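S.K.: Quick one: the structure is below, questions incoming.
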Amino acid sequence: MQKDGSKQSIPEAFLKPYDPIAEEPAMYALWEERGYFNPDNLPDQSGEPYTIIMPPPNANGSLHAGHAVFVTIEDLLIRYNRMKGKRALWLPGADHAGFETQVVYEKKLEKEGRTRFGMDSEQLRKEILDFTLANKSFMEGQLRQLGASCDWSREKFTLDPDVVKTVYATFEQLYKDGLVYRGSKSINWCTKHQTSLSELETISEERIDPLYYMQYGPFVVATVRPETMFGDTAVAVHPEDARYKQWIGKEIEFEGPIGPMKLPVVADEYVDPEFGTGVVKITPAHDPNDFAVAQRHTLPAIAVIDQYGKLTNKTGKFAGMKVEEARKTVADDLEKMGMLAKVDREYKHAVKKCYKCERVLEPRILPQWFVKMKPLAERAREAISRDEVVFYPEHYEKIMLHWLDNIEDWNVSRQIVWGIPIPAWYHELKCIPKPGREADVSTCEEVVISVEKPVCAFCDAEYLRDTDTFDTWFSSGQWPFATLGYPNGKDFKKFYPTQVMETAGEIIFFWVARMIMLGLYRTGTVPFSTVYLHGIVTAKDGQKMSKSKGNVISPLELSEKYGTDALRMGLTIGNTPGTTTALYEEKIRAYKLFANKLWNITRFVLENTDASADRPELAEADAIRLNELNDMVADVTRDIDEYRFYMAGEKLYHYVWHTFADLVIEESKSILGGSDATAQASRQWFLYHALITFLKLLHPFMPFVTESIWQKLPNKDSDVLMVSKWPQ
């Protein structure tokens, strides 16, 4: 409103509805042009650093709803702290995602009528690299679409040479410190993907299978796996089981389906006297518990199932059969021989399956690289117990501590092409020293941890490279310090340790725990002080989204239809940490109406105020409204500081729509149309002040529409909203 009382002209854009499809790309281009995503370019360099390292999305496909949640929350935190005057760094990145990406690429090969088996490993690696880099570029565009105000100049990839160098240095240090070893242990083997998997990459499923009671000489043993009997190397009883004490230390003999069997009887507390008959067969090569028994009693391990899940030539006429077929055939033979005492057809038990293909995993004894986890876990436990790392929600701390207390050694080697090769080399030939070197032959190393190909110093033989790659969680577990240039990089010295790690609760053990352990091990400091864990995004009915159910909702499609701000508000309000949140179209549509409401509010304010006017003496009603606004500022600020984003967003929504639009604007119409010039001036100042204030408060939640409005305001305290000062 002009000083003569006439309505002032407003930007033409406000004469039509808000169009997010037109406005959002322009706003993102503006932000990138200003360069304020980079903390080194911020107008105020006096603030303390504030760092979030982006959980690197797997560079093998499109972003999904879970990615949209982390972008929304992390961008909210970064924009908020940037406006609070901190040198806010959000470092983006992408994960090569080893096994996961190779599985995705194998599906692509299958559609093309090809398979990775038999392919030249370098050719396969090149193909997957090209595929990954193309997806990585596509994914970065999607992050921009979601409004991610991350510093693209510092973007990292888990296969960047400097990251790989850090990963290798960590492995070498662990090896030198005796925390890495190569050993033959019982591991989880996927017969489809032909690789070992860690415990965290398995899923447990309860199912009903036959429990076979087999006559082993004087004993009856119960098992769900009669096909493994050819690998039995003992039977075991509990040492205190009076029924069998006289047999301990003796041998039993009986005729099996392919010939005579002779097995020692051992006593071990692993045996449950209440299970079956209290006697169990021990098959070390094909059961991890049996392997542990064998280790305690120095029993051999005989592999009778190969890497493809077929019986080996040690099984006679059953050789070449797949496990399921062999199980039935062996059971039929046992019945014909009178060795099958009974069968319980309703036996409930848990089986381990591959988390990707859901095939039952086959335990195998193979040489693998393991990290000793207990020393690392103890240090992490101490740090968490001292509140050096705080969890939201709080109950995740107990979950984390329980897991750390029961941690097992970590198998970090994978039998796949796509990943970071393990820098281990083997001296496979007998070392025959060259003349003059005989005295030093004892120092010849059988295993060398080195990036470069070593040559034996005594016989000049070249070492052979380990063909395994690292579990991708080993490299991503070093993400916070590796991305910042540990140990001498200026970013490491300036921005480490980081402030917040925001990620999905379902990967707390896969990733968060390992980042804490490896961060402490390499840097001596926890990598972040706060862990915020969001829950799973579900469909409207609370069901987990899956392609098979046909209920997958693309967040990017919703963004294109209703605007990114609407999507972000829909993913914030009602989304408490650690719990599931539903994503559905009606919800997002409602927040598009809110963006329109904000647009219309601005039009009214600009039409009816003088943005350049100084603050007048406020009327009593406006003084009350100002206090109300200030209380809301304090509430929202406190909620964000205490990670209650869902509450902050809801308070802003209700204030703008129900307080400001429904009450303040409606009562303003009579004030502005009245004859009291003092009351008019007071209300005009408050309207514009309130608009400026809640645009700032809403910016971390709805960056596009707020910035678009900001750019059209006649009077403001910064050229772009993203670096304006947070209201006090």
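The values are calculated or read from the model by the stated rules, or taken from the named source; none is laboratory data. Since the structure is predicted, the reported quantities are computational estimates derived from the model, not experimental observations. Don't worry about glycine lacking a Cβ; one is built from the backbone with ideal geometry, like all the others, and counts go over all protein chains shown.
S.K.: For the stretch 560-569, does any single residue satisfy the condition of being surrounded by fewer than 24 Cβ atoms within 10 Å (Cβ to Cβ), at pLDDT 95 or above and closer than 29 Å to Trp473 by Cβ?
M.R.: no
S.K.: Quick check on the stretch 412-468: of everything there that is free of Cβ contacts under 8 Å to residues at least 12 places away in the same chain and over 24 Å from Phe171 (Cβ atoms), which residue is surrounded by the fewest Cβ atoms within 10 Å (Cβ to Cβ)?
M.R.: Filtering first and then ranking leaves Pro435.
Results for (1) exposed (fewer than 14 other Cβ atoms within 10 Å of the Cβ); (2) aliphatic (A, V, I, L, M); (3) over 29 Å from the mean Cα position of the chain (by Cα); (4) not in a helix (DSSP H, G or I), shown as yes or no for each residue.
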residue: Leu30; (1), (2), (3), (4): no, yes, yes, no
residue: Phe37; (1), (2), (3), (4): no, no, no, yes
residue: Ile52; (1), (2), (3), (4): no, yes, no, yes
residue: Thr72; (1), (2), (3), (4): no, no, no, no
residue: Thr101; (1), (2), (3), (4): no, no, no, no
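S.K.: Any idea which of (1) surrounded by 15 or more Cβ atoms within 10 Å (Cβ to Cβ); (2) out of contact with any Lys or Arg (no Cβ under 8 Å at 6 or more places or on another chain); (3) part of a helix (DSSP H, G or I) is the one Met229 doesn't satisfy?
M.R.: (2)
S.K.: Could you grab me the full set of residues in the stretch 500-534 that are part of a helix (DSSP H, G or I), without any contact (Cβ under 8 Å) to a residue 40 or more places away in the chain and farther than 16 Å from Val69 by Cα? Full working, then the answer.
M.R.: Restricting attention to the stretch 500-534, the residues satisfying the condition of being part of a helix (DSSP H, G or I) are 505-523.
Checking the rest, the ones that are also without any contact (Cβ under 8 Å) to a residue 40 or more places away in the chain come to 506-507, 515.
Correct list: Met515 only.
S.K.: Checking the conditions here, which among Arg144, Arg125, Arg116 is surrounded by 14 or more Cβ atoms within 10 Å (Cβ to Cβ) and more than 17 Å from His96 (Cβ to Cβ)?
M.R.: Arg144
Okay, residues lined up against (1) free of Cβ contacts under 8 Å to residues at least 12 places away in the same chain; (2) among the aliphatic types (A, V, I, L, M); (3) closer than 27 Å to Lys547 by Cβ:
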residue	(1), (2), (3)
Val69	no, yes, yes
Arg79	no, no, no
Val103	no, yes, yes
Lys107	yes, no, yes
Glu110	yes, no, yes
Ser121	no, no, no
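S.K.: Given the options Val271, Val265, Val235, name the one that is within 40 Å of the chain's Cα centre (by Cα), surrounded by 15 or more Cβ atoms within 10 Å (Cβ to Cβ) and not hydroxyl-bearing (Ser, Thr, Tyr). Give the derivation first.
M.R.: Details: Val265 fails: within 40 Å of the chain's Cα centre (by Cα); Val235 fails: within 40 Å of the chain's Cα centre (by Cα).
Just one listed residue meets the conditions, Val271.
S.K.: Among the residues of the stretch 282-292, are any aromatic (Phe, Trp, Tyr) and at pLDDT below 95?
M.R.: no
S.K.: Could you list all residues from the stretch 657-673 that are hydroxyl-bearing (Ser, Thr, Tyr) and exposed (fewer than 13 other Cβ atoms within 10 Å of the Cβ)?
M.R.: The answer is Ser670, and nothing else.
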